[in-house]
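The values are calculated or read from the model by the stated rules, or taken from the named source; none is laboratory data. Small disclaimer: the values here were computed from a predicted structure and weren't measured. Every residue, glycine among them, receives a Cβ derived from its backbone with ideal geometry; neighbour counts consider all protein chains shown.
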Amino acid sequence: MKLHYLLFDPSDDGEGTGTWDAMASVRASQVPEVMQEVQAVLDWAQRHSPGPRGPLDDGGAWDADQLVQTEGDWTTVTLTITGPWAWGEALVAAFPPSEN
């Protein structure tokens, strides 16, 4: 699946764990499409889970945080995923950005 709204920005902690942040700021009519992308990414993460989901400090292998904020006519959706570097890179590779 190609992503039309979410673009991931990776960061590596240097110890094998990464964080992938994606954000989309859209009009209200586009929010359902963005949320479909978020759900597709989360479904992939769960299907290919490297272990239990939860805070890494509490023994989780990966975790995700989603934030939706509306200001005026715009809604910003932020998705942050944390987990093993190779797993996260595979996740991002499974969802290339759309050319459009």
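Here is a check on your reading of the model: is Glu71 under 17 Å from Leu7 (Cβ atoms) and exposed (fewer than 11 other Cβ atoms within 10 Å of the Cβ)? Even if it seems obvious, please write down each step before you answer.
Values: under 17 Å from Leu7 (Cβ atoms): no; exposed (fewer than 11 other Cβ atoms within 10 Å of the Cβ): yes.
When the stated conditions are applied, Glu71 does not pass them.
May I ask you to verify whether Leu67 is among the hydrophobic types (A, V, I, L, M, F, W, C), modelled with pLDDT under 95 and out of contact with any helix residue (DSSP H, G or I) (no Cβ under 7 Å at 6 or more places or on another chain)?
Numbers: among the hydrophobic types (A, V, I, L, M, F, W, C): yes; modelled with pLDDT under 95: no; out of contact with any helix residue (DSSP H, G or I) (no Cβ under 7 Å at 6 or more places or on another chain): yes.
In short, no.
Look at the stretch 15-39 and say how many of its residues are in contact (Cβ under 8 Å) with a residue 24 or more places away in the chain, farther than 16 Å from Glu89 by Cα and not acidic (Asp, Glu). Before the answer, list the steps.
The initial filter retains those residues of the stretch 15-39 that are in contact (Cβ under 8 Å) with a residue 24 or more places away in the chain, namely 16-28, 30-31, 33-35, 37-38.
Still in the running and farther than 16 Å from Glu89 by Cα: 23-28, 30-31, 33-35, 37-38.
Checking which are not acidic (Asp, Glu) leaves us with 23-28, 30-31, 34-35, 38.
Looking only at that region, the number is 11.
If a residue has to be without any contact (Cβ under 8 Å) to a residue 40 or more places away in the chain and over 12 Å from the mean Cα position of the chain (by Cα) to count, how many in the stretch 47-69 make the cut? Full working, then the answer.
The initial filter retains those residues of the stretch 47-69 that are without any contact (Cβ under 8 Å) to a residue 40 or more places away in the chain, namely 47, 49-69.
Now drop any that are not over 12 Å from the mean Cα position of the chain (by Cα), which leaves 47, 49-61, 68-69.
Of the residues in the stretch 47-69, 16 are without any contact (Cβ under 8 Å) to a residue 40 or more places away in the chain and over 12 Å from the mean Cα position of the chain (by Cα).
With respect to Pro97, is the statement that it is touching a Lys or Arg at 6+ places or on another chain (Cβ under 9 Å), of a type outside the set (Lys, Arg) and either buried (at least 18 other Cβ atoms within 10 Å of the Cβ) or within 23 Å of Arg47 (Cα to Cα) (or both) true? Outline the logic, then answer.
On the way: touching a Lys or Arg at 6+ places or on another chain (Cβ under 9 Å): yes; of a type outside the set (Lys, Arg): yes; either buried (at least 18 other Cβ atoms within 10 Å of the Cβ) or within 23 Å of Arg47 (Cα to Cα) (or both): yes.
So Pro97 fits the description; yes.
Exactly one of these conditions fails for Glu33: (1) surrounded by fewer than 16 Cβ atoms within 10 Å (Cβ to Cβ); (2) part of a strand (DSSP E or B); (3) of a type outside the set (S, T, N, Q). Give me its number.
For Glu33, the failing item is (2).
Kindly check whether there is at least one residue in the stretch 78-100 that is in a strand (DSSP E or B) and within 14 Å of Met1 (Cα to Cα).
Among the residues of the stretch 78-100, at least one is in a strand (DSSP E or B) and within 14 Å of Met1 (Cα to Cα), which makes the answer yes.
Are any residues in the stretch 55-68 surrounded by fewer than 11 Cβ atoms within 10 Å (Cβ to Cβ) and either part of a strand (DSSP E or B) or of a type in the set (A, V, I, L, M) (or both), and if so, which ones?
Leu67 - this is the single residue of the stretch 55-68 that is surrounded by fewer than 11 Cβ atoms within 10 Å (Cβ to Cβ) and either part of a strand (DSSP E or B) or of a type in the set (A, V, I, L, M) (or both).
Can you give me the number of residues within the stretch 74-87 that are surrounded by fewer than 16 Cβ atoms within 10 Å (Cβ to Cβ) and in contact with a Lys or Arg (Cβ under 8 Å, 6 or more places away or on another chain)?
Number satisfying all stated conditions: 1.
Kindly evaluate Ser25 against the criterion of being assigned to a helix (DSSP H, G or I) and of a type in the set (Ser, Thr, Tyr).
Details: assigned to a helix (DSSP H, G or I): no; of a type in the set (Ser, Thr, Tyr): yes.
Answer is no for this residue.
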